[in-house]
Amino acid sequence: MLKFTTAGESHGRALVAIVEGLPAGLPVDVERLNRELERRQWGYGRGGRMKIEQDRADILSGVRHGLTLGSPVALLIENKDWSHWTEIMAAEKLDVPPEKSRRVKRPRPGHADLAGGLKFGARDLRDILERASARETAARVACGALAKQLLSVFGVEILSHVVQLGGVPAEPLELEWDAIANIPSDAPLRCADAEAQTRMVALIDETRRDGDTLGGVFEVVARGVVTGLGSHTSWEEKLDGKLAQALMSIPAVKAVSLGAGVEASAQPGSRVHDEIGYDAEAQKFTRPTNRAGGLEGGITNGEEVRARGYLKPISTLRRALRSVDIETKKEEPAAFERSDVTVVPAAGVIGEAMVALVLAEAMSRKFGGDSLKEMQRNFEGYCAQLRDY
Ligand code: EPS
């Protein structure tokens with residue numbers, strides 16, 4: 001089964017990841033993987049850190065002459081900022097004088113600082129924030145890029161876009177695949193509506209001046225997903241649940257919806273469910289609409305998988321919120337060093353990676369195989385079965 005794990009602290013030496021369960025013989029394009037890392041770093045409203053990092057992954061194992069071996073694939077992404085943190089983040093015991101230690105004692109409301117500090121008994125909240133940082137998502141995007149490369153063999157493509165940022169526009173954008181696919185790669189916020197994007201940029205500028213931060217909504221769309229991934233038979237097999245968990249695990253995401261999930265709750269059934277037709281020539285069932293977001297009963301239904309992630313504003317504010325010093329227990333402003341104003345476009349790219357990993361896991365679960373060839377044979381046999389239904 002496909003699985004992955006990551007390790008690494010934000011200002012530590014590097015991020016590492018291991019992806020297990022990729023079939024042998026999958027072509028791996030490292031440049032394509034690195035383009036995903038670059039996409040994650042892109043976006044108006046990011047802070048000083050992204051000027052330091054230029055993420056690139058090194059493949060340490062599991063790939064030979066451009067093809068997977070079927071063994072674990074290990075990846076490494078260096079933290080360029082590490083050179084400024086070698087003493088503070090050293091693995092060996094060092095006596096760092098208090099004025100150089102950058103100990104964090106004033107938890108940021110909304111961040112993992114306080115809950116994590118209490119849970120792990122950390123007296124320096126850096127022990128928590130270094131791992132809670134969204135820096136970790138660079139490793140996930142690298143893993144997701146491998147999942148995408150597996151999926152593309154089976155005709156699956158995945159995109160993301162920003163549908164709302166800081167409440168702009170008033171209603172989240174509803175767009176077809178082509179409009180999303182045509183967003184220029186240098187669009188400042190990966191938003192298909194140029195006018196809305198201009199207003200989002202102005203809002204980010206204003207918010208930065210105020211020392212504040214913004215959230216928003218991204219949408220991930222996967223097309224070409226075969227009918228029948230996931231299962232209605234057990235709660236933990238339902239693919240909508242797995243997608244929701246995967247997207248909810250992205251830092252700052254506080255809500256996830258599938259298709260018209262949020263709006264549908266206020267509509268009668270006749271305006272929500274996607275009526276069923278049949279295309280005899282293509283030997284497939286059709287839907288004029290896709291309000292279900294490609295999933296019914298926790299099973300993919302052959303339509304585009306559409307999922308949205310709703311981000312709260314970043315919890316590190318220059319105009320710091322009220323907090324309490326964990327040492328003195330006195331009121332103090334929360335800690336601030338530097339911060340992004342917003343990360344919605346980056347979260348969309350991370351969302352693509354998480355959706356890719358969930359879909360790739362479901363594909364390998366259903367079609368299995370030690371080699372890509374075996375997996376393809378299983379896939380084609382199943383597609384023939386669908387046509388004969
Ligand atoms: C983050 C704080 C910022 C972000 C970081 C997430 O980093 P720093 O503390 O170094 O200024 O830029 O995100 C990344 C480094 C990244 O690669 O996305 C946080 O506190 O979560």
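Since every read-out is calculated from the coordinates, none of them should be taken as a lab result. Everything numeric in this text was worked out from a predicted model, so none of it was measured. Reconstructed Cβ throughout: ideal geometry from the backbone, glycine too, with neighbour counts over all protein chains shown.
The Rg/Rh ratio of the range 103-197, with Rg taken over Cα atoms and Rh as the Kirkwood radius over Cα pairs, comes to 1.13. Contact order, relative form, for the range 3-387: 22 percent (alpha carbon pairs under 8 Å, 6 or more residues apart, mean separation divided by residue count). Sorted from greatest to least, the principal axis extents spanned by the alpha carbons of the range 226-307 come out as 45, 27, 20 Å.
Fewest-first ordering of His232, His65 by other beta carbons within 10 Å of each residue's beta carbon gives His65, His232. The range 174-221 has equivalent-ellipsoid semi-axes of 23, 11, 8 Å, by the square roots of 5 times the alpha carbon gyration tensor eigenvalues, sorted largest first. Of the GluC sites (Glu not before Pro) found in the range 286-336, the ones in coil according to DSSP and having at most 13 other Cβ atoms within 10 Å of their Cβ are Glu327.
The order of His84, His161, going from fewest to most other C-beta atoms within 10 Å of their C-beta, is His84, His161. For the range 279-389, the Cα gyration tensor yields ellipsoid semi-axes of 48, 18, 11 Å (square root of five times each eigenvalue, largest first, whole Å).
How about the range 214-322: which trypsin sites (Lys or Arg not before Pro) there lie in a loop by DSSP and see at most 13 other Cβ atoms within 10 Å?
Arg319
Ranking of Cys191, Cys143 by neighbouring Cβ atoms within 10 Å, starting from the fewest: Cys143, Cys191. Two tests apply to each whole DSSP H helix in the chain, Cα reach of 18 Å or more along its axis and mean Kyte-Doolittle hydropathy of at least 1.0, and the ones passing both are 137-153, 344-367.
Just to confirm the filter: which GluC sites (Glu not before Pro) across the range 240-289 are DSSP coil and have at most 16 other Cβ within 10 angstrom of their Cβ?
Counting only loop positions with at most 16 other Cβ atoms within 10 Å, the GluC sites (Glu not before Pro) in the range 240-289 are Glu275, Glu281.
Assuming 1.306 mPa s and 10 °C, estimate D for the range 74-120 with Stokes-Einstein, Rh taken as the Kirkwood radius over Cα pairs, in µm²/s. Show your work: numbers first, answer last.
Values: Rh = 13.3 Å.
Result for D is 120 µm²/s.
By the rule of a C-alpha distance below 23 Å, with chain neighbours fewer than 8 residues away ignored, the lysines paired with Lys80 are Lys51, Lys93, Lys100. Here the 3J(HN,Hα) profile of the range 320-330, calculated from phi with Karplus coefficients 6.51, -1.76 and 1.60 at θ = phi - 60°, is 4, 7, 5, 8, 9, 5, 5, 7, 8, 6, 9 Hz, Gly and Pro shown as x. P(r) tail for the chain: Cα pairs beyond 41 Å make up 17% of the total. Remark on Val163: its backbone amide H falls under 5 Å from those of Val217, Phe218, Glu219, a criterion applied only to residues 5 or more positions apart or on other chains, H modelled at 1.01 Å from N. Distance between the C-alpha centers of the range 373-389 and the range 296-331? Whole Å please. About 40 Å separates the Cα centre of the range 373-389 from the one of the range 296-331. Only alpha carbons enter this Debye calculation for the range 1-154, each as an equal point scatterer, and the log10 of I(q)/I(0) it gives at q = 0.09, 0.14, 0.15 Å⁻¹ is -0.35, -0.78, -0.86.
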